[in-house]
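Read-outs: derived from the displayed coordinates by stated rules, not from any lab. Values in this document were obtained by computation on a predicted structure and should not be read as measured data. Glycine gets a Cβ as well: all are built from the backbone with ideal geometry, and neighbour counts include every protein chain shown.
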Amino acid sequence: MTLRFSSVPAPSDRLARPKGRAEHPLVVTLDEKSGPRALFSGDRLLEVDLPAGTRVIYPRPPMEPLKDVDAAIRYALNHPTGTGPLHAKLRPGMNVVIAVDDISLPLPPMRRPDVRERVLTIVLGMLADHGVEDVEIVIATSFHRRMTAAEVRHIVGDRIFEAYWPDRLYNHDAEDPVGMKLVGTTDHGEVVELNRKAVESDLLIYVNLNFVPMDGGHKSVATGLCGYKSLRAHHTPQVIRECRSYMDPAASALSTSVERMGRLAEKSLNIFHIETTVNNRMFDRPLDLLHKNEDDWTGAERATFKGLAFTLSRLPQPARQAIFQRIPSPYGVTGVFAGECEAVHEKTLERCNAQYMVPLQGQSDILVAGIPYISPYNVNSFLNPLLVQVMVQGYFFNFYRGAPIVRKGGTMIVFHPCTDQFDQEHHAPYIEFVHDVLPQTRDAVEMHRKFEEKFASNPAYLEMYRKGHAYHPAHPFFMWYWGEAGRQHLGRVIVVGADNDYIPKLLGWETARTFAEALAMAQGGKRNPDITMLHVPPIVMADVTL
């Protein structure tokens, strides 16, 4: 019997025309009659009046999800790209390791059942049907923190968790002296050292959830299951400075390095890739109004927003954080692809870009954005100042393909309180980095040379990474390097709403009490600067042409 799947339609551009002019239905130029725009400032919601002439880039509507996800998974496994079907690779008595993406994506976490649970359920059933009993599942955390039992259960589901945790379902340990194995060295001198059980398995199956274009592909195995010897090949200031957007793999020196390492791993290991994509439906009611243009809000939606913004402004920070982190997102699965790494990832990127990329003509002098409460590195914890920097100069600056949204030497105006607060368990190494290393230097090359190795070998921090739930002690350095492309390109960053001057100054930023003050600072005597607002979340990326 042949299964047929209707193709997933591209997101519609046929949206109601808002007030103002539009060069594209999702790129709106505001006029004098346009109302304020909504944005996040940490875990608060604000409305900001933007001057006439500002371009606002809105996310595409959520793509239509697959009607039968389980059928799509089975079809992908039986009709893979670039290799034979999964069942043909199985034999009784073989050893299989399944690697799974960790909690760093999607953001916020996906409503159960997570697509990884659905893939695992079908894959494990197929393995059992073919007499494969020696199976282990490893969470591909790389240098991220170990996931808790509850977090793992959320991703893999109750049945798999109860059957495998903790002996056959566990977190990757990049510092296990006997748990890592050298695979080889690329012709560029990059050391490929990976999880020993994955390397020595008869078959490695990687289950990916591709959230943004920089995810998946060779990055899955070569980064997710690697150790420090591998990461330090490309998580460096020099490599990051050569990236022309993390979200455009073809223009990313980081991606190029990872691809070399991944290809070497593919030659040595028997790997079967399964990649999945989701739409951008981050919010359910009552926050689903954030998917819409503010000029299209109904009276009830505007009242809901104002009520929610007022309530959040009166709540203490832990309560605000709890509200957002306890609401999983109703993402819909839009694609399932399986087979050989590069052939699979090409299809994944097509689906991913179709959801996120919005055409934009020309650059701007000023880029405006509100920074929300969550990043890939603070799920179930506080967005500390170093991670705010990552969001601003790492992710939001890099939400483009082609050319940066803001011109060389331009300004980013961002909204965030920049509170000097850290999660003591998850981000212990970050505290010393921010309050000891940054006061000495913001120069990424200098801190890489003088401080990184000392942190990376700190026995107390390593124990917290291996046995607790802390990020690896080298991770805060990587987070600073992650903002290097933005720092090299931007002339200045001005933060509105900071509750202190110390942290922004430490990050090399300026502060303003209001958006009007920030705008006056950014203009610098230039009349009528070009201003663009990136209306995130949900995620949107600009496909910029000059």
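Here are the numbers:
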read-out	value
Relative contact order for segment 255-349, counting Cα pairs under 8 Å that sit 6 or more residues apart, in percent	51
Sorted by Cβ neighbour density within 10 Å, fewest at the top, the residues Ser375, Ser364	Ser375, Ser364
Segment 173-183 - phi-based ³J(HN,Hα) in whole Hz, Karplus 6.51/-1.76/1.60, Gly and Pro as x	10, 6, 10, 6, x, 10, x, 10, 9, 6, 9
For His154, His472, order by how many other beta-carbon atoms lie within 10 Å, fewest first	His154, His472
Value at 222 nm in deg cm²/dmol, rounded to 500, when DSSP H runs of n ≥ 4 in the chain each add -39,500 (n - 2.57)	-9000 deg cm²/dmol
Over segment 193-242, volume per residue of the alpha carbon convex hull, in Å³	82
Taking N as its residue count, the alpha carbon Rg of the chain over 2.2 N^0.38 Å	0.95
Farthest positive-ward along the chain dipole, Cα basis, beta-carbon charges - from Pro36, Pro417, Ala222	Pro36
Dipole of the chain [Lys/Arg +1, Asp/Glu -1 at C-beta], most positive-end residue of Trp509, Gly53, Met464	Gly53
Those trypsin sites (Lys or Arg not before Pro) in segment 263-333 that DSSP places in a loop and that have at most 15 other beta carbons within 10 Å	Arg326
In sequence order, calculated HN-Hα J values of segment 97-106 (Karplus, 6.51, -1.76, 1.60; Hz; x Gly/Pro)	10, 10, 9, 10, 4, 8, 6, 5, 8, x
Approximate spin-label separation Lys67-Glu463, in nm, with each point projected 7 Å along Cα-to-Cβ	5.8
Mean projected area in nm² (Cα convex hull; one quarter of hull surface) for segment 146-199	4.7
Relative contact order, percent, segment 69-278 [alpha-carbon distance under 8 Å, six or more residues apart]	22
Residues whose placed amide H lies under 5 Å from that of Met533, excluding near-sequence neighbours	Arg55, Val56, Ile57, Val368
Enclosed volume per residue, in Å³, of the convex hull spanned by Cα atoms of segment 69-278	124
Kirkwood-type radius of segment 435-546, with distances r between different C-alpha atoms, in Å	17.2
Positive-end residue of Val119, Val199, His535, charge dipole of the chain with Cβ unit charges	His535
Value of relative contact order over the chain, rounded to a whole percent, pairs C-alpha under 8 Å and six or more apart	20
Estimated FRET transfer efficiency (Gln440, Asp167; beta-carbon r; R0 35 Å; 0.05)	0.20
Peptide ranges 121-128, 442-449 listed from the most packed, as the mean C-beta count within 10 angstrom indicates	121-128, 442-449
Calculated FRET efficiency for the pair Glu23/Thr298, C-beta based, R₀ 25 Å, to 0.05	0.45
Approximate spin-label separation Gln421-Glu200, in nm, with each point projected 7 Å along Cα-to-Cβ	4.6
Sequence of Leu290, Leu50 once ranked by neighbouring C-beta atoms within 10 Å, starting from the fewest	Leu50, Leu290
